[in-house]
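One structure is given here, and the rest of the page talks about it.
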Amino acid sequence: MAARSIGFVGLGMMGAGLAGNLLKAGHRVTGYDIVPEHVEKFVAAGGTAADSAAAAARDAEFVCTVLPGPAELEVVVNGPEGIAGAMGAGALLLDFSTVAPTDSEAVAAVLAPAGARLLETKMTGTPETAATGQIDLFVGGSDEDLAMARPLLEAVCERIHYCGALGKGA
């Protein structure tokens, strides 16, 4: 598979492993985290640092978010340096964050006017299994978006469970 351009927001316990696996698979990953040490480790592994979530998302084909909850996702999507204004038409958000189906649906509604889309990619596992690609993903969204993202998802997980339309994967 050709290297893809990926923006990555959330390089903490789970995100570091996922981003690392995307780098190992040969993708171009630009990452952001509010904790500078997380970004430093990511850069040492071969990633490119961004100074904001928006900067990580700008010009990316895919954007990954790995955030602890809905409040953090809200800021990353809609905040002054959020991804909603930076994602272009055709870009796909892979949201690994711990949020409810209604949160995913709200984010999708924010992205839609710009032509960007969302695929829920909820995971099971630990930081160790995330780093070794041994997590399971529960995916909600369109079949087309899953097909587009599948090579990236296969780089970070052991098994993909397609759950149906958006709202079913969370």
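The values are calculated or read from the model by the stated rules, or taken from the named source; none is laboratory data. A quick note: this is a predicted structure, and the numbers were derived from the prediction, not measured. Neighbour counts are summed over all protein chains in view; Cβ atoms, including those assigned to glycine, are modelled from backbone coordinates with ideal geometry. The accessibility values were calculated without ligands, DNA or RNA, using every heavy atom of the protein model including side chains. Shrake-Rupley method; radii C 1.70, N 1.55, O 1.52, S 1.80 Å.
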Length added when fully stretched, VAL75-THR132, from 0.36 nm per residue minus Cα-Cα: 17.6 nm
The long-range amide H neighbours of LEU118, using H built 1.01 Å from N in the peptide plane and a cut-off of under 5 Å, are LEU93
PHE8's amide H: which non-local residues (gap 5+, or another chain) put their own amide H closer than 5 Å, with H modeled 1.01 Å from N in plane and none for Pro or chain starts? THR30, GLY31, TYR32, CYS64
Carbon-plus-sulfur fraction of the accessible area of the chain, 1.4 Å probe, in percent? 57 percent
Quick check for me: using +1 on Lys/Arg Cβ and -1 on Asp/Glu Cβ, what's the dipole size of the range 49-120 about its Cα centre, in debye to the nearest 20? 160 debye
If you take the charge dipole of the chain about its Cα centre, with +1 on Lys and Arg Cβ and -1 on Asp and Glu Cβ, which of PRO113, ALA149, VAL76 is farthest toward its positive end? ALA149
Net lengthening on full extension, GLU154/GLU37 (0.36 nm per residue, minus Cα-Cα): 39.4 nm
If packing is taken as the average number of other Cβ atoms within 10 Å across a peptide's residues, how do 136-146, 56-66 rank, most packed first? 56-66, 136-146
Taking the Cα centre as origin and putting +1 on Lys and Arg beta-carbons and -1 on Asp and Glu beta-carbons, what dipole magnitude results for the range 9-158, to the nearest 20 debye? 300 debye
Please compute the Kirkwood hydrodynamic radius of the chain from all pairs of different C-alpha atoms, in Å with one decimal. 15.2 Å
For the range 53-65, Karplus couplings with θ = phi - 60° (6.51, -1.76, 1.60), whole Hz, Gly/Pro x: 4, 4, 5, 5, 7, 4, 6, 8, 6, 10, 10, 10, 10
What accessible area per residue, rounded to a whole number of Å², is obtained for the chain using a probe radius of 1.4 Å? 44 Å²
If you average the C-alpha positions of the range 84-132 and of the range 34-67 separately, how far apart do those two centres end up, in angstrom? 15 Å
